[in-house]
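The values are calculated or read from the model by the stated rules, or taken from the named source; none is laboratory data. Given the structure is predicted, the values throughout are model-derived calculations rather than measurements. Here the Cβ positions follow ideal geometry from the backbone for every residue, glycine too, while neighbour counts run over all protein chains shown.
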Amino acid sequence: MKKNNLIYIIVGFILLAFITGYIYHRGKHRHPFRYELDLTDLNEWYHGLIDNGGDHFVINFVDGGPYDFTNDTDLGRDSLVWTKKEDEYFIVYYPRDMDPRKGSFLANRCLDVAHEAIPDLERTMGKYYYPADVMDNRKLGIYLPQKPSDYGRVINELFGSTTDSEGSIGMTVATVTQCGAIVEGIVIHPSCFEADAHVLNGYRTTLRHEMSHYVYFMSVDYGVIAESRHPLWVSEGIADFIGRSRNQVSGADSIQFIAGRCDLNENFPQDGPYPNSSYWAGESFYKFISDSIGRKAPAAFISTLYHAPVESGLAQLFPNDNPKEKWLESLRQNDTLRHPEYLSLLNPKR
């Protein structure tokens, strides 16, 4: 009898150890929750950006987890439709029916631009996410549709539903779960490769712009920004700043527009004679802090905003001054703000 009891105890111990090990193994590979998400607040924040001109990126919010962050979920994994060219950091997808020489050439161009952008992103945004820094070692995917009609279709397939991409030449598609954020991919409009190298809407400017969205979407604490409601100019201004889309001309009227209509704690207005103000005015603010405070100022500002409201970042840079007044003072001295009407012709929304 005692022998049987001993056997039961040993078998029970083995089963308990097996179950404990299985649970531990599963738990070790399950991504822990990173955000305290309130989807209602997040959607209100996100749609506030959309309503103020933020139709250049799309975010899908998923309640809970776990979520597959690997490149196995990429749209481009379908080898019957896509050809891929990849290195240690990026995967560029182009259509299988594209001329192989053209596809390889464009993919190599994107890889070169993407690698060149990394040091600027690290310096200007405080970090860059290499595959080793991302869950499941995910590489950043870049999609190159062949025809303008394919551009919106690819975005919709990445996003998982229909979204409005009309008027944009680049789009970043992201998914946010409580485990973390994932950028499903960057889509570049084919017209970007047809433009002259000196035209502002070229593939280089667009890809750098979208890569800054990649860093921003991977860095922000969505639980914080849903409550603090980051305005659109925060992400679009630094994206244009990094994209090097600056083309400055005299802008006395634009300066007056900023003085009367732009509040740094709010979304900049999109109505009136100066559309896309989150881009050109936002970029102007980042250029101002870089020139007046130092090259590290944009990184200090945006890094604070990854976990705090705009007021905190402004207070850190300007503890004793009014930031908007200092910005306007600099603009009036230089009088070289880009004119938005000129910008809208050469640099469509991204």
Complete set of residues in segment 27-72 that are of a type in the set (S, T, N, Q) and at pLDDT 75 or above | Thr40, Asn43, Asn60, Thr70, Asn71
Given the structure, is Ser161 at pLDDT below 90, part of a loop (DSSP other than H, G, I, E, B) and either in the same structural domain as Leu314 (by TED's automatic domain parsing) or touching a helix residue (DSSP H, G or I) at 6+ places or on another chain (Cβ under 7 Å) (or both)?
-> no
Only one of Tyr151, Tyr216 that is over 21 Å from Ala107 (Cβ atoms), among the hydroxyl-bearing types (Ser, Thr, Tyr) and assigned to a helix (DSSP H, G or I) | Tyr216
Out of segment 92-135, which residues are in contact with a helix residue (DSSP H, G or I) (Cβ under 6 Å, 6 or more places away or on another chain) and among the aromatic types (Phe, Trp, Tyr)?
-> Tyr93, Tyr94, Tyr128, Tyr129
How about segment 136-164: which of its residues are touching a His at 6+ places or on another chain (Cβ under 9 Å) and under 8 Å from Val187 (Cβ atoms)?
-> Pro145, Tyr151
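Can you say whether Leu314 is crowded, with 18+ Cβ neighbours inside 10 Å, modelled with pLDDT of 95 or more and among the aliphatic types (A, V, I, L, M), as far as the supplied structure shows?
yes
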Right, Glu329: at pLDDT 95 or above, over 24 Å from the mean Cα position of the chain (by Cα) and surrounded by fewer than 16 Cβ atoms within 10 Å (Cβ to Cβ) or not?
-> no
Note on Leu75: of the conditions (1) of a type outside the set (S, T, N, Q); (2) at pLDDT below 95; (3) exposed (fewer than 13 other Cβ atoms within 10 Å of the Cβ), unmet is (3)
Could you give me the residue pairs with C-beta distances under 6 Å whose first residue belongs to segment 107-125 and is among the hydroxyl-bearing types (Ser, Thr, Tyr), whose second residue is part of a helix (DSSP H, G or I) wherever it lies, and which are 6+ apart or on separate chains?
-> Thr124/Ile242; Thr124/Pro298; Thr124/Ala299
Are there any pairs with C-beta distances below 6 angstrom linking a residue in segment 301-324 that is over 18 Å from Gly126 (Cα atoms) to a residue that is buried (at least 16 other Cβ atoms within 10 Å of the Cβ), with the two at least 6 apart or on different chains, and if so which?
-> Pro323/Leu314; Lys324/Leu264
Under 7 Å between Cβ atoms, at least 6 apart or on separate chains: pull out the pairs that start in segment 258-281 with a residue that is in contact (Cβ under 8 Å) with a residue 60 or more places away in the chain and end on any residue that is surrounded by 15 or more Cβ atoms within 10 Å (Cβ to Cβ) and among the β-branched types (Val, Ile, Thr).
-> Leu264/Val310
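May I ask you to list the residues in segment 276-313 that are under 19 Å from Leu331 (Cα atoms) and in a loop (DSSP other than H, G, I, E, B)?
Correct list: Asn276, Ile293, Gly294, Arg295.
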Give Tyr203, Tyr222 a once-over and let me know the one that is closer than 19 Å to Asp38 by Cβ and crowded, with 23+ Cβ neighbours inside 10 Å.
-> Tyr222
Would you mention how many residues in segment 204-236 are of a type in the set (Gly, Ala, Ser) and over 20 Å from His47 (Cβ atoms)?
-> 2
Considering segment 147-158, residues that are under 19 Å from the mean Cα position of the chain (by Cα) and surrounded by fewer than 20 Cβ atoms within 10 Å (Cβ to Cβ), and then whichever is farthest from Pro95 (Cα to Cα), we arrive at Asn156
Evaluate the following for Ile242: is it farther than 18 Å from Trp45 by Cβ and within 21 Å of the chain's Cα centre (by Cα)?
-> yes
